[in-house]
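Step one of this worksheet: look at the structure below.
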Amino acid sequence: MRYEDYAKVKEELPLGVSFKPVSRLVEDLRMVKSKAEIELIRSSVQANSEAYARTMKRIRPGAREQDIAAELEYQMRILGAEKPAFETIVASGARSALPHAQPTARRLEESELLLIDMGASLNGYSSDMTRVAYSGVPPRRIREVYKAVLEAQLAAVNAVHAGTTASKVDGTARGVLKQHELEREFVHSTGHGLGLEIHERPRIGRKDKTRLRAGMVITIEPGVYIDGLGGVRIEDTVLVTENGCEVLTPTSKEFLNL
């Protein structure tokens, strides 16, 4: 309700009656999705991946980040989305080392990383995915970073199951990157819940002790960001099940060369 309505109701409460704070009550209830909600999220994920596939066929060196973002969002809407679930991230070259880079007029050049983080809002439900491509043949260092992030992402996905904690999944991704001496370049949490909003509980981070439950939908998105070189993040939308998880994102995680 509006604050004005809240204040009016509060003034008219009888003596001895007061409001009791119920912080996070609704948010906690929303963590576990119904079967109908899961299917709506699945449809959103599929539309998002198809929009990505259609757009990537058209991208060539010389394309502006803003134009790539516009095409991604156009394709989402063609496929039925009401809007992007968040501001689409398109970052090329050294700008890909900015985890939340906004698209600019910068043009993708030859021999550069291209990071795309996108999500659709379809029938009110969100999806989220990040993929990285390279305009040319990636050098050895870039391939090594990509391989390390992919290993961390797959390990974290494999760690997802009902009963484990969000922090344990996060720790799994960090442990892999530590083996590759890249843990300091991983500067955000491993993921988050999503649904009606793009960021919902639980947070898949170091300190979140929430136990995962079947029916939760979360993202798994470790990343490595190196100034002057670029950034690599790989993200899927994942459904928690009793014995593991189902990766809802159908898009290949193969390192795409444009």
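Read-outs: derived from the displayed coordinates by stated rules, not from any lab. If you're wondering where the values come from, they're calculated on a predicted model, not measured in any experiment. Every residue, glycine among them, receives a Cβ derived from its backbone with ideal geometry; neighbour counts consider all protein chains shown.
Miscellaneous remarks
- Other residues with beta-carbon under 13 Å from the beta-carbon of LYS209 carry, at +1 per Lys or Arg and -1 per Asp or Glu, a net charge of +4.
- Under 5 Å from the amide H of GLU200 lie the amide H atoms of GLY193, LEU194, each residue being 5 or more positions distant or on a separate chain, with H modelled from the backbone and absent for Pro and chain starts.
- Counting neighbouring Cβ atoms within 10 Å and putting the fewest first, the residues ILE218, ILE59 line up as ILE59, ILE218.
- GluC sites (Glu not before Pro) lying in DSSP loop within the stretch 118-212, provided at most 12 other Cβ fall within 10 Å: GLU181
- Per-pair calculated FRET efficiency, R0 = 25 Å: ALA94 and LYS57 via Cβ, rounded to 0.05: 0.45
- Residues SER23, SER96, SER111, SER121 arranged by fewest to most Cβ contacts within 10 Å: SER23, SER111, SER121, SER96
- Cα Rg, Dmax (largest Cα-Cα span) when computed across the stretch 75-142, Å: 13.7, 43
- Remark on LEU212: its backbone amide H falls under 5 Å from those of GLY163, THR164, THR165, ALA166, a criterion applied only to residues 5 or more positions apart or on other chains, H modelled at 1.01 Å from N.
- Degrees between helix 166-179 axis and first principal axis of the chain (Cα, 0 to 90, nearest 10): 20 degrees
- Folded to 0 to 90 degrees: helix 65-78 orientation relative to the chain principal axis, Cα: 60 degrees
- When Rg and the Kirkwood Rh are both derived from Cα coordinates, the Rg/Rh ratio for the stretch 29-253 amounts to 0.96.
- Calculated from backbone phi, Karplus (6.51, -1.76, 1.60) coupling profile of the stretch 134-146 in Hz, x at Gly/Pro: 9, 8, x, 9, x, x, 4, 4, 5, 4, 5, 5, 4
- Eigen-decomposition of the gyration tensor built on the alpha-carbon atoms of the stretch 106-220 gives equivalent ellipsoid semi-axes of 27, 20, 10 angstrom, largest listed first.
- The order of MET129, MET1, MET118, going from fewest to most other C-beta atoms within 10 Å of their C-beta, is MET1, MET129, MET118.
- Backbone geometry of the stretch 113-123 corresponds, through the Karplus equation with coefficients 6.51, -1.76 and 1.60 at θ = phi - 60°, to 3J(HN,Hα) couplings of 6, 10, 9, 10, 10, 9, x, 10, 10, 10, 6 Hz, x marking Gly and Pro.
- Amide H contacts for PHE86 (H built 1.01 Å from N in the peptide plane; partners 5 or more residues away or on another chain; cut-off under 5 Å): GLY119.
- Taking Cα atoms only, the orientation of helix 35-56 departs from the longest principal axis of the chain by about 30 degrees.
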